[in-house]
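Every read-out reported here was derived from the displayed coordinates using simple, explicitly stated rules and does not represent laboratory data. Bear in mind that the values here come from a model prediction, so they are computed numbers and not experimental data. Heads up, the Cβs are rebuilt from the backbone with ideal geometry, glycines too, and the neighbour counts pull from every protein chain shown.
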Amino acid sequence: MAESAPLADEPSSPEVVATSTPFAGRIWDVRREQVRLPHGQTVTRDVIIHPGAVGVIALDDQDRVLLVRQYRHPVGMYLWEPPAGLLDLPGEDPLLTAQRELVEEAGLVAQSWWVLADWFNSPGGSSEGFRCYLARGISPAPQGRPVGDAEEYDMPMRWVPLDDVVAGILAGGLHNPLTVAGCLAARAARDAGWEPLRHAQAPWPAREHLQSGGRVYDPGAGR
């Protein structure tokens, strides 16, 4: 590959020799696959088959980011993070999911939406594809913030200057991947005059690759 070529990840579909599902869950499955790598070696890998997710960097006119504080049991910590949610409604457009999550978690709506960044949250063990949106023109939702359930029952909110969030990330105080990747991407885009932003319905080829390879959990499938 020429060094002048655009830097981009490449899809690949090595041969899967055998597959099983040791764990079938409510939100994701664990699939065990025997994979023949391109050089011929066969390895066994356990993969979390995830539905995917979206998140929202809501930025107000003062360049403040909306963060909510939520308990995350797998790490045993309260994390400050932007609104986010699973793509757990079959067939729902990711942008609509993001807009719904902004209402449900923060009681807010936005006039303008862009794609800020796409990533895989833990590609060494999970198929979770994540899309991060930037939302501007923020205002209260007509019906306010719905009453949450479980970990979302009590989620304090704060508007924090974007530069302060970035400082907190670099100081090691903030750990949520959407907070880290989303806010660093937001500052990079802001410093570039917002030129790198993609339109809200921009193609998502990485998710299409996951879907075509059967690596997106289907919440509509019978369990």
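Which of these, Leu134, Leu79, Leu37, has the largest mean-square fluctuation under a Gaussian network model of the chain (Cα springs below 10 Å)?
Leu37
Please build a GNM for the chain, connecting alpha carbons under 10 Å apart, and tell me which residue among Asp118, Asp149, Asp88 fluctuates the most.
Of Asp118, Asp149, Asp88, the most mobile in the Gaussian network model is Asp149.
Over the range 100-223, what relative contact order in percent results from Cα pairs under 8 Å that are six or more residues apart? Please report the intermediate quantities before stating the final value.
Working: 127 pairs, mean separation 36.5, N = 124.
Relative contact order for the range 100-223 comes out at 29 percent.
Applying 1/(1 + (r/R0)^6) with R0 = 22 Å to the Cβ-Cβ distance of Thr44 and Asp218, what FRET efficiency is obtained, to the nearest 0.05?
Values: r = 24 Å, r/R0 = 1.08.
The calculated FRET efficiency here is 0.40.
Using only helices, what value at 222 nm comes out for the chain when you add -39,500 (n - 2.57) per DSSP H run of length 4 or more and divide by the total residues, to the nearest 500 deg cm²/dmol? Show your work: numbers first, answer last.
Details: 4 runs with 39 residues, N = 223.
For the chain, the value works out to -5000 deg cm²/dmol.
Take the chain, mark every one of the GluC sites (Glu not before Pro) that falls in a DSSP loop and has at most 14 other Cβ within 10 Å, then report the longest stretch left between them, sites excluded. Don't jump to the answer; show the numbers that get you there.
On the way: sites that count: Glu3, Glu92.
Value returned for the longest uninterrupted segment is 93-223.
Count the DSSP beta bridges whose two residues both fall in the chain, then state the antiparallel fraction as a percent rounded to the nearest 5. Before the final figure, lay out each step's value.
Values: 42 of 50 bridges.
Of those bridges, close to 85 percent are antiparallel.
Over the chain, what is the mean sequence separation of C-alpha contacts under 8 Å (at least six apart), divided by residue count, expressed as relative contact order in percent?
On the way: 414 pairs, mean separation 51.6, N = 223.
That works out to 23 percent.
With the cut-off at 1.5 for a/c, could you classify the range 23-82 from its C-alpha gyration tensor as rounded, prolate or oblate? Before the final figure, lay out the partial values.
Numbers: a/c = 3.41, a/b = 2.21, b/c = 1.54.
Prolate.
Return the FRET efficiency for the residue pair Asp191, Phe23: r is the Cβ-Cβ distance, R0 is 41 Å, and the value is rounded to the nearest 0.05.
Numbers: r = 43 Å, r/R0 = 1.06.
Here the calculated transfer efficiency is 0.40.
Asp149 to Asp88: extension gain in nm, 0.36 nm per residue of separation minus the Cα-Cα distance? Don't skip to the answer; put the middle values down first.
Working: separation 61, 0.36 × 61 = 21.96 nm, distance 1.66 nm.
Extending this stretch completely gives an extra 20.3 nm.
At 0.36 nm per residue, and after removing the present C-alpha to C-alpha distance, how many nm does the segment from Ser4 to Gln201 gain when stretched out fully? Present the calculation step by step, with values, prior to reporting the outcome.
On the way: separation 197, 0.36 × 197 = 70.92 nm, distance 2.85 nm.
Length difference between fully extended and current span is 68.1 nm.
Around Gly125, what is the net charge, scoring Lys/Arg as +1 and Asp/Glu as -1 over all other residues with Cβ under 9 Å from its Cβ? Before the final figure, lay out each step's value.
Numbers: positive: Arg45; negative: Asp46.
Taking every Cβ under 9 Å from that of Gly125, the sum is 0.
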